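**Student:** This is the structure I want to talk about, given as structure tokens.
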Amino acid sequence: MNSKIWLSSPHIGGSEQRYIKEAFDSNWVAPIGLNIDHFEDSLQSYIGEDKRCVALNSGSSAIHLALVLLGVSVGSEVLCQSFTFVASANPILYLGATPIFIDSEKETWNICPIELEKCIIERISKGKNLKAIIVTHSYGMPYKADQLNEVSEKYNIPIIEDAASALGSSFKNQQCGTFGNFGVFSFNGNKIITTSSGGALICNSDKEKEKAIFLATQARDNAPHYQHSEVGYNYRMSNICAGIGRGQMEVLGKHIQFRREMHQFYIKLFRKIGKVSVFKEPSPDFHSNFWLSAILLESFEKREALRLHLERDNIESRPLWKPMHLQPIFNKYPFYGGYVAEQLFEKGLCLPSGSNLTIIEKDGIKRSITSFFKA
């Protein structure tokens, strides 16, 4: 059997071990040290817009802290994109708040501005306490920031921008992660860059950054002894993981280039195959890192047949996200919209998209897909 071709495996650049060695040599292996400072600085410099970055142990931690900083608690409602990974929604439950799920629009697969506003109007009419909107850049594709920010400002509901997979994507030349009141990145092993595990919270001010770090380090008061007046969390990134991140930032541009080349690989491959559409940017305003390349087939049965065919050829693929409002843990909560997210799940498939795929692996993917549609 051929070696496994993974959906999106880690891609190490070369400098990571040097920065890790520096952490060991200086004995800074805890959640403090120069690697963290340099990693945060490099992220801030990359995304621009005078933002502040807090390196954390996961993207989920970043969403949780953003909700805490916005005052979400029991009795609050948080509007959340249904077509997303569960980590976008779970932190709402951490705080005892109620998630309200919104359908997607067909162009970017992200939260639908029209359905969002309908939801807000109805929830306000019922006297609900709407505290935040969580919007995801699906698979690295920017959401419609102009329209969504307009809705956010109109009703004074802050946006938490889940850019977990969208580092390096942009809308109208502005980097994803900088549109919301808070932004979130993930550096999990399958992301565009990795710190083995980790994430980042993007803030608008030094005050917000200081508060986030305070909460992420167990909310320890300024005292010679351990004293705590607020609930805190153990969410800070370690200096070792930040060392990996420093090395990964040096190759981020190349990783994005390779991912976008993989997307073009699929565009070319499926150009000759009917009844398959490749997920692509709807206009030049959108610039996706194409963290994962995805396709839509004509039916659930066709999608499953292709997935199983690839699996037999030792090639990993994965159905698009199952919407949150269909998940057993969330199906009791309100949902606003139609069937866009459901249809994406039924017909959509993510294909191998790693920045480290070899020519031989690409040839294997091409042969497998071609043979399936010929059959």
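Every read-out reported here was derived from the displayed coordinates using simple, explicitly stated rules and does not represent laboratory data. Just so we're clear, the structure is a prediction, and the values are computed from it rather than from any experiment. Neighbour counts are summed over all protein chains in view; Cβ atoms, including those assigned to glycine, are modelled from backbone coordinates with ideal geometry.
**Student:** For Gln343, put the label point 7 Å out on the Cα→Cβ axis and report which residues of region 252-276 keep their amide N under 17 Å from it.
**Tutor:** Answer for this model: 275-276.
**Student:** Residue farthest toward the positive end of the dipole of the chain, with Cβ of Lys/Arg at +1 and Asp/Glu at -1: which of Ala23, Ala97, His263?
**Tutor:** It is His263.
**Student:** If each residue of separation counts as 0.36 nm, what is the full-extension length gain between Leu93 and Glu153 once their alpha-carbon separation is subtracted? All intermediate terms of the calculation are to be shown ahead of the outcome.
**Tutor:** Details: separation 60, 0.36 × 60 = 21.60 nm, distance 2.50 nm.
This chain segment gains 19.1 nm when fully extended.
**Student:** How large is ³J(HN,Hα), in whole Hz, for each residue of region 113-118 in order, when computed from phi with the Karplus curve 6.51 cos²θ - 1.76 cosθ + 1.60 and θ = phi - 60°, using x for Gly and Pro?
**Tutor:** Calculated HN-Hα couplings, in order: x, 5, 5, 4, 5, 4 Hz.
**Student:** Test of understanding: in a Gaussian network model of the chain with alpha carbons linked when under 10 Å, which of Asn356, Asn190, Asn27 would top the mean-square fluctuation ranking?
**Tutor:** Result for the chain, Cα springs under 10 Å: Asn27 fluctuates most.
**Student:** Report the gain in length on full extension from Ser26 to Lys268: 0.36 nm times residue separation, minus Cα-Cα distance, nm rounded to one decimal.
**Tutor:** Details: separation 242, 0.36 × 242 = 87.12 nm, distance 4.97 nm.
Value of the extension gain: 82.2 nm.
**Student:** Out of Asn314, Ile244, Ile273, whose Cα points farthest toward the positive end of the dipole of region 217-332 (charges: +1 Lys, Arg; -1 Asp, Glu; placed on Cβ)?
**Tutor:** Ile273
**Student:** Of Lys51/Lys254; Lys131/Lys154; Lys268/Lys362; Lys172/Lys209, which pairs sit farther than 18 Å apart, going by alpha carbon to alpha carbon? Intermediate results must be reported in sequence, preceding the final value.
**Tutor:** Details: Lys51/Lys254 24 Å; Lys131/Lys154 14 Å; Lys268/Lys362 13 Å; Lys172/Lys209 26 Å.
Going by Cα-Cα distance, Lys51/Lys254; Lys172/Lys209 fall outside the 18 Å limit.
**Student:** Right, something else. Once R0 is set to 22 Å, what does the formula 1/(1 + (r/R0)^6) return for the Cβ-Cβ distance between Lys172 and Glu261, expressed as a FRET efficiency to the nearest 0.05?
**Tutor:** On the way: r = 23 Å, r/R0 = 1.06.
In this case the efficiency is close to 0.40.
**Student:** What trypsin sites (Lys or Arg not before Pro) does region 132-196 have in DSSP loop regions with at most 15 other beta carbons within 10 Å?
**Tutor:** Working: sites: Lys144, Lys154, Lys172, Lys191; in loops: Lys144, Lys172, Lys191.
In loop regions of region 132-196 (DSSP not H, G, I, E or B), the sparsely surrounded trypsin sites (Lys or Arg not before Pro) are Lys172.
**Student:** In addition: With each label point set 7 Å from Cα along the Cα-Cβ vector, what nm distance links Ile121 and Asp146?
**Tutor:** 2.2
**Student:** Using DSSP to define loop residues, name the trypsin sites (Lys or Arg not before Pro) in region 305-375 whose beta-carbon has at most 16 other beta-carbon atoms within 10 Å. Each step should come with its number before you reach the end.
**Tutor:** Details: sites: Arg307, Arg312, Lys332, Lys347, Lys362, Lys366, Arg367, Lys374; in loops: Lys332.
Of the trypsin sites (Lys or Arg not before Pro), the ones in loops of region 305-375 whose Cβ has at most 16 other Cβ atoms within 10 Å are Lys332.
**Student:** Could you work out how far apart the two model spin labels at Asp41 and Thr217 are, taking each label as a point 7 Å from the Cα in the direction of the beta carbon, and quote it in nm?
**Tutor:** 1.7
**Student:** Pop the C-beta distance of Glu49 and Lys374 into the FRET formula with R0 = 35 Å and round what comes out to the nearest 0.05.
**Tutor:** Values: r = 49 Å, r/R0 = 1.39.
Computed FRET efficiency for Glu49 and Lys374 comes out at 0.10.
**Student:** Right, something else. If the only charges are +1 at each Lys and Arg Cβ and -1 at each Asp and Glu Cβ, what is the size of the charge dipole of the chain around the Cα centre, to the nearest 20 debye?
**Tutor:** Here the chain has a charge dipole of around 1080 debye.
**Student:** I've got another one for you. Towards the positive end of the charge dipole of the chain, with charges on Cβ (+1 Lys, Arg; -1 Asp, Glu), say which of Tyr155, Leu297, Gln327 has the farthest Cα.
**Tutor:** Value computed over the given set: Leu297.
**Student:** Placing unit charges on C-beta atoms (Lys and Arg positive, Asp and Glu negative, everything else neutral), compute the dipole magnitude of region 183-327 about its Cα centre in debye, rounded to 20.
**Tutor:** Numbers: 21 positive and 15 negative charges, 103 e Å.
The dipole of region 183-327 has a size of about 500 debye.
**Student:** Further, regarding this structure: Show the residues, 5+ positions off or on another chain, whose built amide H is closer than 5 Å to the amide H of Cys80.
**Tutor:** Amide H to amide H, under 5 Å and 5 or more residues apart or across chains, Cys80 pairs with Ile100, Phe101, Ile102, Ile134.
**Student:** Could you please rank Trp6, Trp321, Trp291, placing first whichever residue has the fewest other Cβ atoms within 10 Å of its Cβ?
**Tutor:** On the way: Trp6 16, Trp321 25, Trp291 29.
If I rank by nearby Cβ atoms, fewest first, I get Trp6, Trp321, Trp291.
**Student:** Okay, moving on. How high is the FRET efficiency between Tyr226 and Asn331 when r is their beta carbon distance and R₀ equals 41 Å, given to the nearest 0.05?
**Tutor:** Working: r = 42 Å, r/R0 = 1.03.
The value I calculate is 0.45.
**Student:** Remind me, relative contact order of region 8-94 in percent, using alpha carbon pairs under 8 angstrom and six or more residues apart?
**Tutor:** Working: 30 pairs, mean separation 17.0, N = 87.
It comes to 20 percent, rounded to a whole number.
**Student:** Report relative contact order for region 82-232 in percent, whole number only (criteria: Cα-Cα under 8 Å, sequence separation at least 6). Present the calculation step by step, with values, prior to reporting the outcome.
**Tutor:** Working: 226 pairs, mean separation 19.8, N = 151.
Across region 82-232, relative contact order equals 13 percent.
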